[in-house]
Amino acid sequence: MKNHKIQWVLGAVALLVLPLILQYFGNAWVRIADLALLYVMLALGLNIVVGYAGLLDLGYVAFYAVGAYMFGLLASPHLADNFAWFAAHFPEGLHMSLWMVIPLALVLAAITGVLLGIPVLKLRGDYLAIVTLGFGEIIRIFLNNLDHPVNITNGPKGLGQIDSVKIFGLDFGRRLELFGFDISSVTLYYYLFLALVLVTIVVCYRLQDSRIGRAWMAIREDEIAAKAMGINTRNMKLLAFGMGASFGGVAGSMFAAFQGFVSPESFSLMESVMIVAMVVLGGIGHIPGVILGAVLLSALPEVLRYVAGPLQAMTDGRLDASILRQLLIALAMIIVMLLRPRGLWPAPEHGKSLAQKS
């Protein structure tokens, strides 16, 4: 028991010190850690839909986009520049605090998730995957074309000049000097994202061990048997879509604040596929495995930059570095799936029995 507590303390210290160490190698490495934490949030949210409820969702990036554009519209001068009535009421723009942004993003994404869930309740397997894939693409196309006749999203040009996060007067977009130590903006965002990830993990664990979580797992294993046992599968599925989407919305709003700019290109089908791959690679339905998969797949492309560069030089530039990186990622995933078909860190009680927990 003592060893277990020591491991938790050491892990916590390592997470707190990590960005301060990475700063010495350049802010680019801290930025990679920041994006990895955002992907952990996204993967955990998708794990509720795919891992717990067994609903294959290939349009999860749509909820990410909803949260990002919500914050982008409310925290940038875009609405004031394009709508006279908005400029009359808010001449300096609408600059919302974090305490309003997170609940709004959560509620808006959850409503979007439920609206997606309603027409697909009777679909399962491949058919559900195709419909959700289409939904994700529809959202991206809408964002790309809603710049005329009324300019709402600014189309492919995207939304810029988005406010950074501010908490109790602390601006996360500026460097902070603390006790003579210089802390960069990306390091401040790291601690904010880490706090949100920890809250997400706690919520996921509580859901997993709750009656709702067990109902989702019953639906995943056998929907007909779950119905026969009195589980309202319709409401449970809608709840899974809504809960999973809410994490995506919060991650999207944080992404917009972190980048200061959002455009439809950030929410392509490839993003959805990568988030699904994180869940599958780590271990479907297993929270530590999903976290591991998200960290590896979000950091691997950046690490492979240092491998793809020399390989490109060896071929006198005939190989494109970005394509080579994608090839190396694909090969790594294939090898892992062949050697570990249930994921790198699968759930210990994967199957139809939960006897060990009860």
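So, in the chain, how many Lys pairs have Cα atoms under 18 Å apart, if the pair is 8 or more places apart or on different chains?
Lysine pairs, 8 or more places apart or on different chains, close enough: 4.
Find how much the distance from Asn27 to His4 grows on full extension, using 0.36 nm per residue of separation minus their present alpha carbon separation; answer in nm with one decimal.
This chain segment gains 5.0 nm when fully extended.
Per-residue ellipticity at 222 nm for the chain, helices alone: DSSP H runs ≥ 4 residues times -39500 (n - 2.57), over residue total, nearest 500 deg cm²/dmol?
Computed ellipticity for the chain at 222 nm equals -22000 deg cm²/dmol.
How would Arg305, Arg211, Arg220 line up by accessible area, probe 1.4 Å, largest first?
Solvent-accessible surface, decreasing: Arg211, Arg305, Arg220.
Using the heavy atoms of the protein chains alone and a 1.4 angstrom probe, what is the accessible area of the chain per residue in square angstrom?
52
At a 10 angstrom cut-off on C-beta neighbours, averaged per residue, how do the peptides 42-49, 100-107 rank from highest to lowest?
Put in order of decreasing packing, that is 42-49, 100-107.
Net charge near Ala75: determine it from the other residues with C-beta under 14 Å of the C-beta of Ala75, scoring Lys and Arg +1 and Asp and Glu -1.
Taking every Cβ under 14 Å from that of Ala75, the sum is -3.
In nm, to one decimal, how far is the Val131 label point from the His148 one, both placed 7 Å along Cα→Cβ?
3.5
Once you put a point 7 Å from the Cα of Gln326 and another 7 Å from the Cα of Ile138, both along the Cβ direction, what distance in nm separates them?
2.7
Of the heavy-atom accessible surface of the chain (probe 1.4 angstrom), what whole percent is carbon and sulfur?
Whole-percent figure for carbon plus sulfur exposure: 69.
Suppose accessible area is computed on protein heavy atoms with a 1.4 Å probe; arrange Thr315, Thr187 from highest to lowest.
So the residues, ranked largest to smallest area, are Thr315, Thr187.
Could you tell me how far the Cα centroid of region 67-82 sits from the Cα centroid of region 264-286, in Å?
26
Rank these by accessible area, largest first, 1.4 Å probe: Trp29, Trp216.
Trp29, Trp216
Give me the distance in nm between label points sitting 7 Å out from Cα along the Cα-to-Cβ direction at Lys122 and Val273, one decimal.
A separation of 3.1 nm, rounded to one decimal place.
Between beta-carbons, use under 15 Å as the cut-off and find the net charge around Val61, counting Lys and Arg +1, Asp and Glu -1.
-3
The values are calculated or read from the model by the stated rules, or taken from the named source; none is laboratory data. Remember, it's a predicted structure, so these values are computed and weren't measured experimentally. All Cβ positions, even for glycine, are placed from backbone atoms using ideal geometry, and neighbour counts span all protein chains on display. Quick note on the areas: whole protein, heavy atoms, side chains included, nothing else; ligands and nucleic acids left out. Shrake-Rupley method; radii C 1.70, N 1.55, O 1.52, S 1.80 Å.
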